[in-house]
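This is the structure I want to talk about, given as structure tokens.
Every number in this text was worked out from the coordinates using simple rules, so none of it is lab data. It should be emphasised that the depicted structure is a prediction, and the values quoted were computed from it without experimental measurement. Neighbour counts run over all protein chains shown; Cβ positions are idealised from the backbone, glycine included.
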Amino acid sequence: MDKKEMNAKVVYLSPYMKQVMKKLEENKKRPAVHTYSSTLKSFTNFAGSSIKEKEMLEAKDEAVDIPVSEVFTPGKLKEYETWLRGRNAKWNTVSTYMRTLKAVYNRLVKEELAKYDAKLFDDVYTKVESQTKRALTEEQMSTLLHTDFSKLSEEVKCALAYFLLMFLFRGMPFIDLANLRKQDVNGNCITYCRHKTGRKLMVRIPKEAMALFEQYRNKGTDSGYLFPILNDTVKEEKEVYARYQKALRNFNRILEKLAVLLLPGMNISSYTARHTWATLAFYSGIPIGIISKALGHSSTKVTETYLKPFENEKVDEANDELIMSVVKSNKNKRAA
């Protein structure tokens, strides 16, 4: 009788997470499945690295699969964080893995398979860094909008077109652009559901986007996709998502080339268009509630994460204007 058979109440991390992933797969939560899978693989490597070679040979798969009661302790989580950083993992990667483990822990608590500890993750990095640093300025965005396409290679032209359309479509994510269907267009409006949240959105195609839209949309083919990013030849959902991941990597690779050509020194990725739209909308005075609805966020808290660093900047700017107003007023009095 093995260890699991001796104690049926013991819950092991790997089978439990695979069970969660199966449910996510059934609900078509592909990005979540990808994150859970990456987290499990990483933690399994960490667990395996701490076991002696002899023990691994004897226990085989059991060696890299440990009870959740041993995973979710402050000490073990801190060890994992240290292990990740020792392998040059970025803090955002650490945060992603830790937040995924926290989500697993919360599920276990809800199912009464683990005891709740409010401070369990206090000593490890779980922050969500604001992505506003990825946003372009108004001047930089204008440079891209007024770029002479005739001077670019075909692949860079296409990537720039998609990037601009994502910005002009209210910061549409690349995954939503890639999955748009021809039937989603009705007149000059696009109606679609956010891939991440399932929220239904309607976006009017602005006149500034119409030329790019007409030039780069799928024409003369039987494909049901609005843009030739994905294709209908692949039916299996898992394979469709794999194709999307490949398209995303290629898109980001070409955007790096585009940045070198048009905005030297800047980093541009698939997220940049969305964050740029959000930050420029914020600076133009659009209320956060409206920005949140436009982006299809699940709540204004998500939007505030994007914009939090700029709140202090706006207050500082207002303070500068106030000080200048007082200084000018004093100068005018002395001049009189």
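Can you order the peptides 320-329, 196-205, 68-77 by their average number of other Cβ atoms within 10 Å per residue, highest first?
Averaged packing, sorted descending, gives the order 68-77, 196-205, 320-329.
How much length would be gained if the chain were fully extended between Val185 and Lys207, taking 0.36 nm per residue of separation minus their Cα-Cα distance, in nm to one decimal?
Net length gain for the segment: 6.4 nm.
Rank-order 244-253, 116-125 by packing density, defined as the average count of other C-beta atoms within 10 Å over each peptide's residues, highest first.
By packing density, highest mean first, the sequence is 244-253, 116-125.
Could you work out how much longer the chain between Ser49 and Gln245 gets when fully extended? Use 0.36 nm per residue separation minus the Cα distance between them, nm to one decimal.
Separation in residues times 0.36 nm, less the Cα-Cα distance, equals 67.7 nm.
Only residues of the stretch 278-295 count here: report those whose backbone N is under 13 Å from the spot 7 Å along Cα→Cβ of Met324, or say none.
From the stretch 278-295, the list is empty.
Could you give each residue of the stretch 22-35 its phi-based ³J(HN,Hα) in whole Hz, using Karplus coefficients 6.51, -1.76, 1.60 with θ = phi - 60°, and x for Gly or Pro?
4, 5, 5, 4, 5, 8, 6, 8, 4, x, 5, 4, 4, 5
Using modelled amide H (1.01 Å from N, peptide plane; none on Pro or chain starts), what sits under 5 Å from the amide H of Arg199, excluding residues fewer than 5 places away?
Arg194
Rounded to the nearest 500 deg cm²/dmol, what is the calculated helix-only ellipticity per residue at 222 nm for the chain, with -39500 (n - 2.57) per DSSP H run of length n ≥ 4?
Rounded to the nearest 500, it is -19000 deg cm²/dmol.
Label 7 Å along Cα→Cβ of Lys151; the stretch 260-278 residues with amide nitrogen under 20 Å?
Only 260-268 pass the distance filter.
Applying 1/(1 + (r/R0)^6) with R0 = 41 Å to the Cβ-Cβ distance of Glu237 and Ser299, what FRET efficiency is obtained, to the nearest 0.05?
0.90
Also, quick follow-up: For the chain, report the convex hull volume of the alpha-carbon atoms normalised per residue, in Å³, without decimals.
About 216 Å³ per residue, rounded to a whole number.
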